[in-house]
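A quick write-up on the structure given underneath.
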Amino acid sequence: MTTAAIIVAAGRGSRMGGEVPKQWQDLAGQPVLARTLAAFAGTRLVLAIHPEDRARAGALAPGALLVEGGATRSESVRNALEALAGSGTTRVLIHDGARPLVSPALIARVLAALDRAEAAAPALPVSDALWRGGDGRVAGTQDRAGLYRAQTPQGFRYPSILAAHRAHPGGALDDVEVARAAGLDVAIVEGDEDNLKLTFPGDFLRAEAILKGRAMDLRLGNGYDVHAFCEGDHLWLCGVKLPHSRGLLGHSDADVGMHALTDAIYGALAAGDIGRHFPPSDPQWKGAASHVFLSHAIGLARDRGYRLANCDVTLVCERPKIGPHAIEMAEVLARIMGVDPGRVSVKATTSERLGFTGREEGIAALATCALVKA
């Protein structure tokens with residue numbers, strides 16, 4: 001399945017006050033919207049923005065599809081949905097840009113629910129007593145049974161929510177309202193008290209307190225791999241096919257650089273190595289493309305709530321020459337992992353004609369990665 005995340009950030013936020021809209025205000029050293037976008041790293045991003053914000057949105061999210069928002073939230077969402085038409089998107093998450101503390105675990109719960117439901121959204125049961133009031137006085141009480149506080153991201157099968165928005169007259173409070181008007185069943189998943197929407201000035205103080213209470217969880221891992229040369233006319237290094245007088249020997253495609261990086265990620269997670277997840281004794285992995293292994297490792301990291309801060313791969317060989325291909329290699333690795341290429345380094349060195357790499361008997365690779373709890 002192909003997932004896109006629509007971040008709604010076109011509002012002006014008049015209740016918040018301040019010189020700039022709330023999504024652009026500072027929250028513990030970063031713009032609110034930067035924190036929101038970071039939560040969806042690795043997902044195709046569509047950012048619904050006010051026309052006045054296009055320049056700074058482009059600088060903040062250079063890889064995102066920028067869409068001009070409408071006069072209402074539902075208009076902004078529809079514009080973003082229409083922009084995805086023909087892109088192959090199968091499911092979509094729709095999230096408020098002013099909810100910067102959404103957790104990877106909550107996002108994962110919504111996506112998991114979409115495996116069995118047409119729509120899913122997080123919510124928290126109402127626990128406080130509810131009053132009806134007027135003229136500053138209590139006018140009555142309201143039964144709270146079956147009432148929930150709605151949150152985002154709200155997830156949908158893309159064709160269904162696009163059709164629902166096209167049929168809706170507009171003015172809906174959220175996308176669940178649009179979906180239900182079209183007859184879609186919406187599954188409720190567990191929300192998160194920290195996933196607050198910044199609406200009033202006091203919400204910033206609460207958000208900053210939550211961020212201070214989150215201890216940084218930083219994981220480091222390293223990987224090392226070696227493959228010998230064999231008969232052949234090409235080899236794969238970091239996802240790039242290079243013509244060469246010899247190939248590399250291995251059970252899979254023998255991409256020594258990608259194997260080292262994959263093991264670095266597994267190591268950071270204390271999750272073993274490639275051999276544990278993809279045993280060489282299993283014939284289904286014979287000749288497999290190594291992006292399968294790397295995709296699994298970075299997916300496991302995300303499932304556990306981590307994002308890639310950066311990684312560094314060093315290839316050790318006399319030939320082929322890596323320098324002319326290093327940038328392309330970094331871009332390929334970044335694409336596989338769904339991260340910005342600026343977080344990926346690929347470089348090379350020789351062993352000064354010493355050892356098996358110096359004798360051109362094979363290639364070695366070392367990799368290091370840093371994972372941060374999102």
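The values are calculated or read from the model by the stated rules, or taken from the named source; none is laboratory data. Predicted model, so just to flag it, every value in this text is computed and none were measured. Positions of Cβ are generated from backbone atoms using ideal geometry, with glycine treated the same way; all protein chains shown enter the neighbour counts.
Residue count for the stretch 187-223, restricted to those that are hydrophobic (A, V, I, L, M, F, W, C) and over 23 Å from residue 122 (Cβ atoms): 5. Suppose the filter is surrounded by 17 or more Cβ atoms within 10 Å (Cβ to Cβ), assigned by TED's automatic domain parsing to the domain that holds residue 245, in contact with an Asp or Glu (Cβ under 7 Å, 6 or more places away or on another chain) and part of a helix (DSSP H, G or I); does residue 326 pass it? It is false that residue 326 is surrounded by 17 or more Cβ atoms within 10 Å (Cβ to Cβ), assigned by TED's automatic domain parsing to the domain that holds residue 245, in contact with an Asp or Glu (Cβ under 7 Å, 6 or more places away or on another chain) and part of a helix (DSSP H, G or I).
Where strands (runs of 3 or more DSSP E) fall entirely within the stretch 228-285, those with at least 3 residues that are buried (at least 16 other Cβ atoms within 10 Å of the Cβ) and not β-branched (Val, Ile, Thr) are at 234-237, 246-248. Of the residues making up the stretch 306-321, not a single one is surrounded by fewer than 14 Cβ atoms within 10 Å (Cβ to Cβ), under 24 Å from residue 228 (Cα atoms) and either in the same structural domain as residue 40 (by TED's automatic domain parsing) or of a type in the set (Val, Ile, Thr) (or both). Residue under question is residue 184, and the condition is that it be under 21 Å from the mean Cα position of the chain (by Cα) and over 17 Å from residue 5 (Cβ atoms); does it hold? No, not satisfied.
May I ask you to say which residue of 355, 342, 338 is in the same structural domain as residue 222 (by TED's automatic domain parsing), within 14 Å of the chain's Cα centre (by Cα) and over 24 Å from residue 243 (Cβ atoms)?
Values: 355 fails: within 14 Å of the chain's Cα centre (by Cα); 342 fails: within 14 Å of the chain's Cα centre (by Cα).
Of the residues listed, the single one that is in the same structural domain as residue 222 (by TED's automatic domain parsing), within 14 Å of the chain's Cα centre (by Cα) and over 24 Å from residue 243 (Cβ atoms) is 338.
Cβ-Cβ contacts under 9 Å between residues 6 or more apart (or on different chains), taken from a first residue in the stretch 153-170 that is under 12 Å from residue 92 (Cβ atoms) and assigned by TED's automatic domain parsing to the domain that holds residue 82 to a second residue that is part of a helix (DSSP H, G or I) and of a type in the set (S, T, N, Q), are listed as 165/74. All told, residue 90 meets the bar of being among the polar types (S, T, N, Q) and within 20 Å of residue 2 (Cα to Cα).
Looking across the stretch 349-372, just one residue is over 23 Å from residue 266 (Cβ atoms) and crowded, with 20+ Cβ neighbours inside 10 Å, and that is 357. Mind telling me which of the residues 180, 99, 116 ends up being outside any loop (DSSP other than H, G, I, E, B) and basic (Lys, Arg)? Step by step, each of 180, 99, 116 is checked, and only 180 is outside any loop (DSSP other than H, G, I, E, B) and basic (Lys, Arg).
Table: residues versus (1) at pLDDT below 95; (2) among the charged types (D, E, K, R); (3) loosely packed, with under 14 Cβ neighbours inside 10 Å.
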{"site": "69", "(1), (2), (3)": "yes, no, no"}
{"site": "75", "(1), (2), (3)": "no, yes, no"}
{"site": "80", "(1), (2), (3)": "no, no, no"}
{"site": "92", "(1), (2), (3)": "no, no, no"}
{"site": "113", "(1), (2), (3)": "no, no, no"}
{"site": "136", "(1), (2), (3)": "yes, no, yes"}
{"site": "148", "(1), (2), (3)": "no, no, no"}
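Figure legend. Inter-residue proximity from the stretch 39-56: first residues outside the structural domain of residue 105 (by TED's automatic domain parsing) and at pLDDT 95 or above, second residues surrounded by fewer than 19 Cβ atoms within 10 Å (Cβ to Cβ) and in a strand (DSSP E or B), beta-carbon distance below 7 Å, spacing 6+ or different chains. No pairs are indicated. Within the stretch 63-87, restricting attention to residues that are of a type outside the set (A, V, I, L, M, F, W, C), assigned to a loop (DSSP other than H, G, I, E, B) and touching a residue at least 24 places away in the same chain (Cβ under 8 Å), the residue that is farthest from residue 177 (Cα to Cα) is 63. Going by the conditions given, is residue 167 of a type in the set (A, V, I, L, M) and surrounded by fewer than 20 Cβ atoms within 10 Å (Cβ to Cβ)? Yes, satisfied.
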